[in-house]
1. Could you please find all residues in segment 67-87 being within 13 Å of the ligand (Cβ to nearest atom) and assigned to a helix (DSSP H, G or I)?
2. Among the numbered criteria (1) over 17 Å from the mean Cα position of the chain (by Cα); (2) modelled with pLDDT under 90; (3) farther than 26 Å from Gly261 by Cβ, which single criterion is violated by Lys213?
3. Just to verify a result, which residue in segment 141-181, among those that are β-branched (Val, Ile, Thr) and touching a Ser or Thr at 6+ places or on another chain (Cβ under 8 Å), is nearest to Gly191 (Cα to Cα)?
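The values are calculated or read from the model by the stated rules, or taken from the named source; none is laboratory data. As the structure is a prediction and not an experimental result, all values here were calculated from the model. Counting neighbours? That spans all protein chains shown, and the Cβs are built from the backbone with ideal geometry, glycine included.
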Amino acid sequence: MSWRSRSTARDGDRRFTAPRRIVVRVTTVLVVEDDPAISGPLSRALQREGYGVLPVASGVAAVSYCADPGAEVGLVILDLGLPDLDGLEVCRRIRAFGREIPVLMLTARTDEADFVVGLDAGADDYVAKPFRMAELLARVRALLRRRVPALMDIGGVRVDAAARRVEVDGVEVALANKEFELLRVMMSRAGQVVTREEILAEVWNDPSMKTSKTLDMHMSWLRRKLAGARPAADAAEGGSVGAPGPGAATGTDQRISTVRGVGFRFETD
Ligand code: CA
């Protein structure tokens with residue numbers, strides 16, 4: 001694991017190889033809106049849902065941020081009426097970089113919406129002002145869900161979203177609806193920490209369930225089902241002694257790690 005080896009860097013090297021602890025990649029939403037009466041409450045609502053928020057008030061700022069290939073933007077909420085570049089132009093320029101970030105357009109009037117979509121500048125959805133916050137947040141979740149690939153195959157776990165089928169090492173596993181969604185969210189960000197808030201927002205549409213045990217229960221069921229499909233070697237008594245044999249690989253429940261106090265991570269190896 002690279003973060004572990006880096007953490008052993010001597011003090012003198014630290015400025016080059018900063019020791020990294022747990023890296024939490026929350027989905028960052030770029031909010032492009034020049035009206036603080038809208039961007040303020042919108043940013044706060046997104047933060048409450050567990051997203052990282054980057055508010056900018058101009059089209060140029062939005063374009064230059066997206067031009068950086070290292071900038072991790074999960075979604076753009078883009079006002080159509082901006083003081084410099086209009087939202088459509090911003091959208092076209094973001095697309096011109098070849099970036100497939102979902103773009104949710106905010107329009108001032110409902111009749112602008114058809115115009116926006118008709119122009120095919122690359123916006124994925126729109127919400128007309130004034131909007132209900134719950135409605136906008138639902139659209140955000142829907143766009144982020146759409147981004148998840150239809151077919152994923154990581155570490156022997158194969159998920160076919162269209163057919164709603166899951167196979168572990170070639171053996172089909174029957175998952176309940178929430179277990180399936182949970183696995184899909186975890187695998188779509190394999191190798192990264194997915195926070196509890198993000199999981200609750202994406203799978204249950206309700207981050208207020210934060211303190212409930214629902215997520216932990218479903219996670220435990222999911223792990224058990226993934227484990228059940230593994231070769232029998234894992235179930236052997238005293239199997240934890242010594243290195244796991246070939247085929248037993250990294251074991252069972254270890255596929256999805258718990259990152260204490262933060263969330264979970266689907267391991268890629
Ligand atoms: Ca505006």
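1. Let us first name the residues in segment 67-87 that are within 13 Å of the ligand (Cβ to nearest atom), namely 77-87.
Correct list: Gly87 only.
2. (3)
3. Of the residues in segment 141-181, the ones β-branched (Val, Ile, Thr) are 148, 154, 157, 159, 166, 168, 171, 173.
Adding the requirement that they be touching a Ser or Thr at 6+ places or on another chain (Cβ under 8 Å) leaves 148, 154.
Values: Val148: 15, Ile154: 10 Å.
Per the criteria, the residue is Ile154.
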